[in-house]
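We did not get these values from a lab; they are worked out from the coordinates using the rules stated. Bear in mind the structure is a predicted one, so any value in this text is a computation, not a measurement. Using ideal geometry, Cβ is built from the backbone for each residue, glycine included, and neighbour counts are taken over all protein chains shown.
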Amino acid sequence: MWKLTSSMTAIVHRERRVSSGSVLLHAFFITSVLAGAAIAQQPTEEQRSAIRSACRSDFIAQCSSVKPGGIEALNCLKEHDASLSPACKQAISAIGAKKSSSAAPTTTQPATAATSAPAAGAMSAQAPTQAQKSAIKSNCRNDFMAQCSGVTPGGQEALSCLQAHSTSLSPACKQSVAALGGAGTAAGGGAVATAPAQAAPPAMHNFSPREELIVMRRSCGPDFRALCRAVPLGGGRGIACLKENFARVSPGCQRILTSGL
């Protein structure tokens with residue numbers, strides 16, 4: 001009788017140990033999955049830099065009431081995906097693409113490694129030459145002050161900002177920025193497409209300093225404040241900025257720039 005009681009007690013203790021071990025193993029598995037999911041949702045530092053560069057204007061327009069820099073800001077941009085600029089939308093979608101590629105089976109790694117070399121070559125081909133940098137500095141000064149005044153000049157972030165606002169750039173600046181892509185195509189050995197010849201801008205009227213002030217304050221005042229607010233008046237700089245943005249100024253201001261007061 002005593003042996004039977006001892007055997008039953010041992011069985012009960014063994015079942016309790018097995019049950020406790022199963023519970024602990026199950027809890028550890030759930031914790032690991034949740035932690036992995038949380039880590040997978042965090043963008044890399046490279047992705048954060050791309051979002052800061054490409055989504056500055058979108059964040060101000062769509063999420064100005066949200067604290068920048070956190071997951072709440074990222075979720076806000078995702079919720080307004082349909083309203084984002086192409087560059088910002090691409091930077092946001094890259095986060096999901098990064099998660100998908102990291103979850104791929106290990107058997108696909110050789111193919112990924114094989115394609116990494118051309119990708120690295122394309123990135124290096126996009127680095128502007130000294131001549132291209134000089135052309136951008138010369139032709140895009142006013143565009144940079146109008147579109148990217150909050151960005152530190154001279155770096156990749158400044159170039160990315162100009163590329164993100166390519167539709168709003170002056171013809172000379174747009175051509176200098178577009179030349180970077182043309183140089184990359186030539187370096188890759190592909191066929192270089194000849195850019196279509198741009199229509200010659202209309203002849204512009206020359207203004208005296210007094211006339212320039214009248215134009216800035218009356219005829220083209222709203223255009224100047226919208227496109228050239230960072231340009232100081234005097235020395236013809238204001239008129240030059242409006243002429244560089246001729247395609248974007250109002251019809252009334254265009255008439256003044258071509259015909260005079």
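Observations
- Our coupling estimate for the range 241-257, obtained by passing each phi through the Karplus curve with A = 6.51, B = -1.76, C = 1.60 and θ = phi - 60°, is 5, 5, 5, 5, 9, 4, 5, 10, 7, 5, x, x, 5, 4, 5, 5, 5 Hz, Gly and Pro reported as x.
- Percent of alpha-carbon pairs separated by more than 15 Å within the range 128-186: 39 percent
- Counting only aspartates and glutamates at least 8 places from Lys133 when in the same chain, those with an alpha carbon closer than 16 Å to its own are Asp143, Glu157.
- Charged neighbours of Leu162, selected by a Cβ distance under 14 Å, balance to +2 (K, R count +1; D, E count -1).
- Neighbour-count ranking [beta-carbon atoms within 10 angstrom, fewest first] of Lys174, Lys67, Lys78: Lys67, Lys78, Lys174
- The range 44-97 gives an Rg/Rh value of 0.90, both radii derived from C-alpha positions and Rh following Kirkwood.
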